[in-house]
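The values are calculated or read from the model by the stated rules, or taken from the named source; none is laboratory data. Bear in mind the structure is a predicted one, so any value in this text is a computation, not a measurement. All Cβ positions, even for glycine, are placed from backbone atoms using ideal geometry, and neighbour counts span all protein chains on display.
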C-alpha cells in the first residue's frame, strides 16, 4: 500500500499507524488490493485546511477533513453504489488526496467525549470513502456512507460515531 503521509503540524503523533489501520480496513471491506492502492494524506492545522477549504470549496473556514478523489466514481442515482476503482495503465489504483486538521479533530473529539484516535480513524475512513465515490449530500447517499462508516469502525472495535 502506498500511502504518502505529509505531516505539517508537529502535534500529529501516531497518525501513520491510524491511517494504515483505517486504510487496511476500508480496502478489505471493498476487496481492494492494498498493495495497488495509492493515497496521499496531509496532516495539517486549521489555518492550512481553511485555506484549502476556501480554495476548493469556497468555504473560508476550517473543517475536519477534505478529500480530492483521483477519479469521479460517484453514482448518478441517489443511494446507488459507486463504481469500483480500477487500476491504471501502471497497474496501480490512484485513489486521491486527503487533508486532515489537528485543531478541528482535537476540538470535535473533546466536544463529543471521544478518544482522539477513534475520531481521527473515523475521519480517515470518511475521507477514504469520499475517494471511493461515496458522499453525504443527498439523504440516500448519506445513509449509505454512514452505514459503511459504522460497519467498518465496528469491525475495528470503534463505537458508532453517530450515536451521541
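In the stretch 4-43, how many residues are free of Cβ contacts under 8 Å to residues at least 40 places away in the same chain and either buried (at least 18 other Cβ atoms within 10 Å of the Cβ) or part of a helix (DSSP H, G or I) (or both)? Full working, then the answer.
To start, the set of residues in the stretch 4-43 that are free of Cβ contacts under 8 Å to residues at least 40 places away in the same chain comprises 4-7, 10, 13, 16-17, 20, 24, 27-28, 31, 34-35.
Of the ones still in play, those that are also either buried (at least 18 other Cβ atoms within 10 Å of the Cβ) or part of a helix (DSSP H, G or I) (or both) are 16-17, 20, 24, 27-28, 34-35.
The total comes to 8.
In this structure, is residue 133 within 16 Å of the chain's Cα centre (by Cα), assigned to a helix (DSSP H, G or I) and under 21 Å from residue 68 (Cα atoms)? Before you say what the answer is, go through the steps one by one.
Working: within 16 Å of the chain's Cα centre (by Cα): yes; assigned to a helix (DSSP H, G or I): no; under 21 Å from residue 68 (Cα atoms): yes.
For residue 133, the condition - within 16 Å of the chain's Cα centre (by Cα), assigned to a helix (DSSP H, G or I) and under 21 Å from residue 68 (Cα atoms) - is not met.
Being outside any loop (DSSP other than H, G, I, E, B) and farther than 26 Å from residue 161 by Cα is the filter; apply it to the stretch 69-112 and report the residue that is farthest from the chain's Cα centre (by Cα). If you could, list the steps in order and put the result at the bottom.
At the first step, the residues of the stretch 69-112 found to be outside any loop (DSSP other than H, G, I, E, B) are 69, 93-112.
Remaining after also requiring farther than 26 Å from residue 161 by Cα: 93-94.
On the way: 93: 16, 94: 14 Å.
Here the answer is 93.
Can you tell me which residues in the stretch 46-59 are in contact with a helix residue (DSSP H, G or I) (Cβ under 9 Å, 6 or more places away or on another chain) and either surrounded by fewer than 19 Cβ atoms within 10 Å (Cβ to Cβ) or under 29 Å from residue 91 (Cβ atoms) (or both)? Reasoning before the result, please.
First pass over the stretch 46-59, keeping only residues in contact with a helix residue (DSSP H, G or I) (Cβ under 9 Å, 6 or more places away or on another chain): 46-47, 49, 59.
Correct list: 47, 59.
With respect to residue 66, determine if the residue is part of a loop (DSSP other than H, G, I, E, B), in contact (Cβ under 8 Å) with a residue 60 or more places away in the chain and crowded, with 16+ Cβ neighbours inside 10 Å. Let's see the steps before the verdict.
Values: part of a loop (DSSP other than H, G, I, E, B): no; in contact (Cβ under 8 Å) with a residue 60 or more places away in the chain: yes; crowded, with 16+ Cβ neighbours inside 10 Å: yes.
No.
Considering 87, 69, 75, which residue is farther than 19 Å from residue 5 by Cα and touching a strand residue (DSSP E or B) at 6+ places or on another chain (Cβ under 6 Å)?
Details: 69 fails: farther than 19 Å from residue 5 by Cα; 75 fails: touching a strand residue (DSSP E or B) at 6+ places or on another chain (Cβ under 6 Å).
Of 87, 69, 75, the one residue that is farther than 19 Å from residue 5 by Cα and touching a strand residue (DSSP E or B) at 6+ places or on another chain (Cβ under 6 Å) is 87.
Kindly establish whether residue 73 is surrounded by 15 or more Cβ atoms within 10 Å (Cβ to Cβ), farther than 17 Å from residue 19 by Cα and touching a helix residue (DSSP H, G or I) at 6+ places or on another chain (Cβ under 9 Å). Don't jump to the end; show me each part of the working.
Details: surrounded by 15 or more Cβ atoms within 10 Å (Cβ to Cβ): yes; farther than 17 Å from residue 19 by Cα: yes; touching a helix residue (DSSP H, G or I) at 6+ places or on another chain (Cβ under 9 Å): yes.
Against the criterion (surrounded by 15 or more Cβ atoms within 10 Å (Cβ to Cβ), farther than 17 Å from residue 19 by Cα and touching a helix residue (DSSP H, G or I) at 6+ places or on another chain (Cβ under 9 Å)), residue 73 qualifies.
From the list 107, 138, exactly one residue is without any contact (Cβ under 8 Å) to a residue 12 or more places away in the chain, surrounded by fewer than 21 Cβ atoms within 10 Å (Cβ to Cβ) and farther than 17 Å from residue 27 by Cα. Which is it? Outline the logic, then answer.
Numbers: 138 fails: without any contact (Cβ under 8 Å) to a residue 12 or more places away in the chain.
Selected residue: 107, the only one of 107, 138 that is without any contact (Cβ under 8 Å) to a residue 12 or more places away in the chain, surrounded by fewer than 21 Cβ atoms within 10 Å (Cβ to Cβ) and farther than 17 Å from residue 27 by Cα.
Just to be sure, is residue 100 out of contact with any strand residue (DSSP E or B) (no Cβ under 6 Å at 6 or more places or on another chain) and either surrounded by fewer than 20 Cβ atoms within 10 Å (Cβ to Cβ) or modelled with pLDDT of 95 or more (or both)? Give the derivation first.
Values: out of contact with any strand residue (DSSP E or B) (no Cβ under 6 Å at 6 or more places or on another chain): no; either surrounded by fewer than 20 Cβ atoms within 10 Å (Cβ to Cβ) or modelled with pLDDT of 95 or more (or both): yes.
Criteria not met by residue 100.
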